[in-house]
Amino acid sequence: MRAFNARTDLHLNRRSFLRASAAAAGGLLVSFYLDLPALAQEGNPPPKVYPPDAFVRVGPDGRIVISINRLEFGQGVSTGLPMIVADEMDADWSQVQAELAPAADVYRDPLFGIQMTGGSASIANSFQQYRELGARTRAMLVAAAADRWSVAPNQCRTANSVVYGPGNRSTRYAELAEDAARKPVPDKVRLKNPSDFKIIGKPVRRLDGAAKCDGSQKFGLDFDLPGMKIAVVARPPVFGGRVKGFDDKEARGIAGVRDVFEIPLAKGTGVAVVAERFWAAKQARDRLKVEWDLSGVERPDTSELRSRYKKLARTAGKAAVSRGDEKAMGRIPAASRIVAEYEFPYLAHAAMEPLNATIRFDGDRAEAWIPTQFQTLDQAAIGAILGLKPEQVALHTEYAGGAFGRRGSVDLDVPRETAAVAKAVRGTPIKLVWTREDDMQGGRYRPMFVHRVEVGIGKDDMPAAWKHVVVGQSFMIGSGNPFEPFLVKDGVDVLTVEGTADTRYSIPNFHVSAHHPTVNVPVLAWRSVGYTHNSFVMETLIDELAVRAKTDPIAYRLKLLDPGARKQRAVLTLLQQQSGWRNKLPRGHAVGIACSQYHDTAVACAVDVSIVDKRPRIHRATVAIDCGLAVNPLSVESQVQGGLGFGLSQLMANGAITLKDGQVEQSNFNDFRPPYIADAPVAIDVHIVPSAEAPTGAGEPPVPVISPAVVNALARLTGKRYRSLPLVSL
């Protein structure tokens, strides 16, 4: 079976919906095209846009290999997308396999216009795409069988990778593949009625589950090539610093070290060490004597930033949303107002697999193996460093051991650094590895934020006026990345205010503004992005209002929600039905409620919390989620469980990134503490709102609800409101 190359084996045609070739593996190869990305049709002149592609390969042995146009980093997309194709194909699921697609224009996301993974959009954006792919593949197989038997296609039916015809005829897909590949691709196909789904909507174990359990699954860090060398980089102690000079004599004395040289970083410069093995490279780097030039480089300090942010929060920023009368607050008595200030620290992504990339540069072409969320951007960045066109860079997508946003860095630091090293040692494959310390201290954090909120309460105990100021660095402003034109509105980065400015709570006289100070700390989206802090503020304040009104927190939210907030109403109602345990808690326990809608997916959470050794102990979490049609309910359940665990990162006493004199004070898990098993809920019940609507994503939506739910429970136990994270003490 020869390797398939998307660039050479396919002739791209925007008007063609589907093409087929019998050249691949002696079987059927199907490629699928969509129209221009919807995002590019918002009135802005789009950059060069290529429709995405997905492939199905039916082999002579019966295997059906489905290419995934995304990164698999634990969210289950390498099972979910094949489920969609296989169902419409009527394929035998036991014969289905998945492979991650390389970087290519044909794999670009139908909405975003680049090949990427993020925003919990993989299934949502490719659901229709992969359904039609499966349906067209099935139609071509049926057409081949009908011709073979001299019958009409409508006299045939399919099941479990077999076409059945009149007179008890039957033929396996594998036997029809070559003939099917020669059939014209149908312009239109009829998709299944959801009531006829046999795979979609059923709990299916992940295709990569066994390999990840027995250790055979290979990740980017495991990748190896003959003659490959390992590189690590000494980076400046303050972001943006430059190498003034270095003494590498002792470093070069380490056995296995091959070279030491200066390279450009995304900001500033560093010193790369190339060696035969990782340990030799690290030991050599530890022995480097580097003199850093930090002149003119800002040295941020957490304490100073906090003071500066608090001052800014007392002034109006650029308006994100302004609804109703701005003077309404002044007419509400002081006794009927709540003034609250919130503080949120920088947060690290801390994925289990350290950052890495492998590149081989041969002068006129390059090949890369990267666990990346941004294949299109990485491919272009590598080409720019090496003096190549993007199409001269073959980029293979490797499995990633987690990311939480970190492998989608908009400054493309990892591929750029790796390309710079590969350029210096042309012809030698280079794997660049960031150690845990490199990642913890190397930037790209969830930004630090301060909120100041003033709530005016009406005579009906509902909020009558809401004035909200958000202070924090922008993810997008000035970044130069392709999302900036769509995500910055009137000077406000919408990602920093999402979860507040777009609230579904019906609050008259509602005003949100934002300040985006420029700080010398590289920041990046963190799983669920702005909802991490905004939902915390909204849900703890709404809970405080419910307590003040002496109203059940679920009933209060249902009353306050806009009538059109259908999904949030659905999850709160389902949560109310499924959390009967709330009314019979042991002494010393309390319930906390929180609700959020991340884009089009709503999640509501109830937790049973007590205090053990001055830390919250979560005995139970019940979650309701409305994510449209749950393609794989088992995966949705896993995503909710993982999202709750990750969301607890905000509460961990030593879970903050702090800076002093420009340097990050944390370095590894000894002084940056993620949630442990003891911090996770003892039991998690997940309930999915039944739906036939299109899927809307499940990876990030559960993250924002757990922290406010826990803190709301703690407020009932202690009588205190917790407005600064992490929770240093109770």
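The values are calculated or read from the model by the stated rules, or taken from the named source; none is laboratory data. None of the values given here were measured: they were computed from a predicted structure. Please note: Cβ atoms are built from the backbone with ideal geometry, for glycine as well, and neighbour counts cover all protein chains shown. Ligands, DNA and RNA are stripped out before the accessible areas are found, and what is left, the full protein with its side chains, is counted by its heavy atoms. Shrake-Rupley method; radii C 1.70, N 1.55, O 1.52, S 1.80 Å.
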Could you tell me what percent of the accessible area of the range 581-660 is made up of carbon and sulfur, with a 1.4 Å probe and every protein chain present? 47 percent
Heavy atoms only, probe 1.4 angstrom, no DNA, RNA or ligands counted: give me ASP552, ASP208 ranked by accessible area, highest first. ASP552, ASP208
Virtual paramagnetic centre 7 Å along Cα→Cβ of SER506, amide N under 14 Å, in the range 441-468: 462-464
Just to confirm a number: summing +1 for Lys and Arg and -1 for Asp and Glu over residues other than ASP196 whose beta-carbon lies under 14 angstrom from that of ASP196, what do you get? +4
How much length is gained if the chain between SER724 and ARG252 is pulled fully straight, taking 0.36 nm per residue apart and subtracting their Cα-Cα distance, in nm to one decimal? 165.2 nm
Helix-only mean residue ellipticity at 222 nm for the chain, each DSSP H run of n ≥ 4 adding -39500 (n - 2.57), per residue, nearest 500: -8000 deg cm²/dmol
Of the listed pairs LYS584/LYS614; LYS267/LYS289; LYS244/LYS489, those with alpha carbons more than 29 Å apart are LYS244/LYS489
Pseudo-spin-label distance GLU341 to SER303, built 7 Å along Cα→Cβ, given in nm, is 1.6 nm
Cβ charges +1 (Lys, Arg) and -1 (Asp, Glu), total dipole of the chain, debye: 1100 debye
Within the range 504-613, which trypsin sites (Lys or Arg not before Pro) sit in a loop by DSSP and count at most 16 neighbouring Cβ atoms inside 10 Å? LYS550, LYS584, ARG587
Could you tell me the relative contact order of the range 644-683? Use alpha-carbon pairs under 8 Å, at least six residues apart, and round to a whole percent. 46 percent
Which distance in nm do the two modelled labels at ASP61 and GLU99 give, with both placed 7 Å along the Cα-to-Cβ direction? 1.2 nm
ALA683 to VAL321: extension gain in nm, 0.36 nm per residue of separation minus the Cα-Cα distance? 126.4 nm
Ranked highest first by the average count of other Cβ atoms within 10 Å around their residues, in what order do 242-251, 229-238 fall? 229-238, 242-251
What length, rounded to one decimal in nm, is gained on full extension from ALA159 through to ALA210, with 0.36 nm per residue of separation minus their alpha-carbon distance? 15.8 nm
Set LYS183/LYS218; LYS459/LYS720; LYS202/LYS567, cut-off 26 Å on Cα-Cα distance; pairs above it are LYS183/LYS218
So the FRET efficiency between PHE261 and GLU665, C-beta based with R0 = 30 Å and rounded to 0.05, is 0.50
Apply the a/c threshold of 1.5 to the C-alpha gyration tensor of the range 582-729 and tell me whether it is rounded, prolate or oblate. oblate
Within a Cβ distance under 12 Å of SER216, other residues only, what is the Lys/Arg minus Asp/Glu net charge? -1
State, to one decimal in nm, how far the label point of PHE278 lies from the label point of LEU717, with both points 7 Å from Cα in the Cβ direction. 3.8 nm
Sort THR718, THR540 from largest to smallest accessible area, using a 1.4 Å probe on the heavy atoms of the protein chains. THR718, THR540
Rounded accessible area per residue of the chain, 1.4 Å, Å²: 39 Å²
Output the DSSP H helices from the chain with an along-axis C-alpha extent of no less than 15 Å and a mean Kyte-Doolittle hydropathy no less than 0.5. 77-89, 375-386, 703-718
If R0 = 25 Å, then PHE486 and MET352, at their Cβ-Cβ distance, give a FRET efficiency to the nearest 0.05 of 0.20
Cα centroid distance between the range 393-468 and the range 603-674, in Å? 17 Å
Quote the Stokes-Einstein diffusion coefficient, in whole µm² s⁻¹, for the range 556-660, based on the Kirkwood radius over alpha carbon pairs, a temperature of 25 °C and a viscosity of 0.890 mPa s. 159 µm²/s
Taking the dipole about the Cα centre of the chain, with the C-beta of Lys and Arg at +1 and of Asp and Glu at -1, give me whichever of LEU133, HIS589, ASN69 is farthest to the positive side. HIS589
Could you list the chymotrypsin sites (Phe, Trp or Tyr not before Pro) in the range 661-719 that lie in coil according to DSSP, counting only those with at most 15 other Cβ atoms within 10 Å of their Cβ? PHE669, TYR676
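Rounded to the nearest 0.05, what FRET efficiency do VAL547 and SER295 have when you use their Cβ-Cβ distance and R0 = 45 Å?
The formula returns an efficiency of 0.25 here.
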Per-peptide average of other Cβ atoms within 10 Å, ordering 352-362, 642-652 highest first: 642-652, 352-362
